[in-house]
Every structure is written in structure tokens, then in C-alpha cells.
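Structure first, then comments.
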Amino acid sequence: MKRPIIGISPDLARVAAPHGETDRLFLNLDYAQCIIAAGGQPVVLPPVAAPEDLLNSVDALLLTGGGDVAPSRYGATNLHPETYGISDLRDEFEIALIHAALERHLPLLAICRGLQILNVALGGTLLQHIPDDRPGSLEHRQQLLGIPSGDTAHPVVVHPGSLLARIVGEGILQVNSYHHQAVDKVAPNAVVSAVAPDGIVEAFELPQYDFVLAVQWHPERLCAHHPPHRALFTALVQAATRSRASGTVHS
Ligand code: MN
């Protein structure tokens, strides 16, 4: 059987190259590796193509990590000194991609920055810097705590009855943590499905769709050795298979 195609929105940066500065796509390979291991076919979606055209050839969408969303996108008039890595091209592209994907009821898994841009696209807001905006919170940048990549850093509580709970189980889940921003106001129609012990939103979903799930952690760094995190990719690929079978996406 043909593998369902999972479109991945990559990171983007302006880099110095021998022939001068150039805009370049970046994708951590583990995103693609987790999708392949789950039975899907990853394809990279360049942010210079029309979202509608790109979505004609995918069965599901994966939004990845990266720099911060421009605060002006969610109505903030200040730019926190720790806010970094803003790309207007990426913000613009992903917001359009999200709306086009939801219009088609495509399955969507949003990771880290993906969760944040999804919340913003749907009308929510972000905390620009957790240590300043929520003093006393956990340190959500595990690299500052010396916790190795590939290890988990803090627990979250997964809410019973959620899509997330059906995938990873309800109750305590150990996750990794590489973010300094987080959800402030949750978007209308979004339902929080996991929180950290300090109250930081770690996952939300859109129950009116078959499969729209956002997580603040990085399951792609855990999928090889942590079954609940692998299950997120399996669930995405299964949802993509259902979407393809329903025939509403493309033939
Ligand atoms: Mn965290």
C-alpha cells in the first residue's frame, strides 16, 4: 500500500554562503525519521509555494519547531529582548497553510513552535518569555539544566477523554522541554489536553476535527526509545490514512 504523505513545514534562516547570503530551509532529520518509522512518507513543503497547491499532494500536515512567532501576529506591541528568530515569511506561510489545511479537514500534528503558531493562527496569544511572564515556573529549557537531548525533563498531566489521552494514555507523561515561550490565551475552540505542574499549557487540540493536535514538547527526539511519543507519529499516519481513504483530499 502506498504510504500516506505527510507534508512537513521546515525551518528557514538567512545564512552566509560562499556566494553570499542566502535563505535556506532546515529540517531536523528526526521528524522525517519518526514519520518513516510510523509508515508515512515525509515531504518538505517550501514556504515559497502556494499552500493550496502544496496541500493538493499531502494527506496530513506536520508543523515543526523553530524560532519565535512575531509578537505583532498576536497583538503584542512590545518585543521582549529574549524573543528571537522571527521569520515573517515562515509565519505568513504557516498561518496560510494552517487555515487551508483546516478547511480541508487534513490531520495536523503541531510540535513546539508549531503549537505556538497554531494557537496564534486561531486567535490565541503567547507568553514571550516564561521566566518573566510567569515567574516561579519550571525551567522549560532543559539544555540550561544540563539534561541531555533524548531524555525527558518534566511531567505533564494528560487530560482524560482527550485525543491526546487516547494516543499516549491519560495521567502523567514525561516529556522533554526546549521552549522559552508558551500559550497565554488559548485560541477559541481549542481545548487544552495537557499541562505542566506549573500550569504551562503543554498540549491542546481541536475536538471539532478528526485529528488536530498540538504539543509543546519534541516527540521527534523521543520517538525511537519512548513508545508514547512514537505513538503520536503512528496516530498522525493513521489519521492521514483515514483522510486519504475518505477521498476528500486528493486522488
Ligand atoms: Mn515544557
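The values are calculated or read from the model by the stated rules, or taken from the named source; none is laboratory data. Since we're looking at a predicted model, the values are computed, not measured. FYI the Cβ positions are ideal-geometry reconstructions off the backbone, even for glycines, and counts take in every protein chain you see.
Among the numbered criteria (1) in contact (Cβ under 8 Å) with a residue 24 or more places away in the chain; (2) closer than 30 Å to Asp210 by Cβ; (3) away from the ligand (no atom under 16 Å from the Cβ); (4) not small (Gly, Ala, Ser), which one does Glu103 miss?
The single condition Glu103 does not satisfy is (1).
Give all pairs with beta carbons closer than 9 Å in which a residue from the range 124-135 that is touching a residue at least 40 places away in the same chain (Cβ under 8 Å) meets a residue that is hydroxyl-bearing (Ser, Thr, Tyr) and not in a loop (DSSP other than H, G, I, E, B); count only pairs at least 6 apart in sequence or on separate chains.
Note: pairs meeting the criteria are Gly124/Tyr74; Thr125/Tyr74; Leu126/Tyr74.
I'd like the full set of residues that are hydrophobic (A, V, I, L, M, F, W, C) and surrounded by fewer than 21 Cβ atoms within 10 Å (Cβ to Cβ), limited to the range 175-185. Let's see the steps before the verdict.
To start, the set of residues in the range 175-185 that are hydrophobic (A, V, I, L, M, F, W, C) comprises 175, 182-183.
Across the range 175-185, there are no qualifying residues.
Is at least one residue of the range 126-137 assigned to a strand (DSSP E or B), within 16 Å of the ligand (Cβ to nearest atom), within 15 Å of the chain's Cα centre (by Cα) and not β-branched (Val, Ile, Thr)? Outline the logic, then answer.
So the first thing to find is which residues in the range 126-137 are assigned to a strand (DSSP E or B), and the list is 126-127.
Now restrict to residues that are within 16 Å of the ligand (Cβ to nearest atom): 126-127.
Going one step further and asking which of them are within 15 Å of the chain's Cα centre (by Cα), we end up with 126.
Remaining after also requiring not β-branched (Val, Ile, Thr): 126.
Scanning the range 126-137, I find at least one residue that is assigned to a strand (DSSP E or B), within 16 Å of the ligand (Cβ to nearest atom), within 15 Å of the chain's Cα centre (by Cα) and not β-branched (Val, Ile, Thr), so the answer is yes.
Among (1) surrounded by fewer than 20 Cβ atoms within 10 Å (Cβ to Cβ); (2) at pLDDT 95 or above, there is one condition Ser246 misses while meeting the rest; what is its number?
(2)
Among the listed residues Arg113, Arg104, Arg90, which satisfies the condition of being modelled with pLDDT of 95 or more, surrounded by fewer than 21 Cβ atoms within 10 Å (Cβ to Cβ) and basic (Lys, Arg)? Steps first, answer last, please.
On the way: Arg113 fails: surrounded by fewer than 21 Cβ atoms within 10 Å (Cβ to Cβ); Arg90 fails: surrounded by fewer than 21 Cβ atoms within 10 Å (Cβ to Cβ).
None of the others qualify; the one that does is Arg104.
Please tell me if Leu54 is in contact with a strand residue (DSSP E or B) (Cβ under 7 Å, 6 or more places away or on another chain), at pLDDT 95 or above, closer than 18 Å to Arg24 by Cα and surrounded by 13 or more Cβ atoms within 10 Å (Cβ to Cβ). Can you show your working first?
Numbers: in contact with a strand residue (DSSP E or B) (Cβ under 7 Å, 6 or more places away or on another chain): yes; at pLDDT 95 or above: yes; closer than 18 Å to Arg24 by Cα: no; surrounded by 13 or more Cβ atoms within 10 Å (Cβ to Cβ): yes.
So Leu54 does not fit the description; no.
From the list Ile172, Ile147, pick out the single residue that is in a loop (DSSP other than H, G, I, E, B), surrounded by fewer than 22 Cβ atoms within 10 Å (Cβ to Cβ) and within 16 Å of the ligand (Cβ to nearest atom). Walk me through it before giving the result.
Numbers: Ile172 fails: in a loop (DSSP other than H, G, I, E, B).
Sole residue among the options that is in a loop (DSSP other than H, G, I, E, B), surrounded by fewer than 22 Cβ atoms within 10 Å (Cβ to Cβ) and within 16 Å of the ligand (Cβ to nearest atom): Ile147.
If we keep just the residues of the range 31-51 that are touching a residue at least 40 places away in the same chain (Cβ under 8 Å) and crowded, with 19+ Cβ neighbours inside 10 Å, which is nearest to Gly85 (Cα to Cα)?
Filtering the range 31-51 for residues that are touching a residue at least 40 places away in the same chain (Cβ under 8 Å) and crowded, with 19+ Cβ neighbours inside 10 Å, the one nearest to Gly85 (Cα to Cα) comes out as Pro47.
So, of the residues in the range 186-241 that are among the aromatic types (Phe, Trp, Tyr) and either crowded, with 21+ Cβ neighbours inside 10 Å or without any contact (Cβ under 8 Å) to a residue 12 or more places away in the chain (or both), which turns out to be nearest to the ligand (Cβ to nearest atom)? Spell out how you get there, then give the answer.
At the first step, the residues of the range 186-241 found to be among the aromatic types (Phe, Trp, Tyr) are 204, 209, 211, 217, 233.
Among the residues that remain, those that are also either crowded, with 21+ Cβ neighbours inside 10 Å or without any contact (Cβ under 8 Å) to a residue 12 or more places away in the chain (or both) are: 204, 211, 217, 233.
Values: Phe204: 14, Phe211: 23, Trp217: 6, Phe233: 19 Å.
Filtering the range 186-241 for residues that are among the aromatic types (Phe, Trp, Tyr) and either crowded, with 21+ Cβ neighbours inside 10 Å or without any contact (Cβ under 8 Å) to a residue 12 or more places away in the chain (or both), the one nearest to the ligand (Cβ to nearest atom) comes out as Trp217.
In the range 150-166, what residues are away from the ligand (no atom under 16 Å from the Cβ) and either within 16 Å of the chain's Cα centre (by Cα) or of a type in the set (Phe, Trp, Tyr) (or both)?
Once the filter is applied, which keeps residues that are away from the ligand (no atom under 16 Å from the Cβ) and either within 16 Å of the chain's Cα centre (by Cα) or of a type in the set (Phe, Trp, Tyr) (or both), the range 150-166 yields only Leu163.
Of the residues in the range 42-85, how many are assigned to a strand (DSSP E or B) and over 17 Å from the mean Cα position of the chain (by Cα)? Steps first, answer last, please.
First, pick out the residues of the range 42-85 that are assigned to a strand (DSSP E or B): 42-44, 60-63.
Next, only the ones that are over 17 Å from the mean Cα position of the chain (by Cα) stay: none.
Qualifying residue count, the range 42-85: 0.
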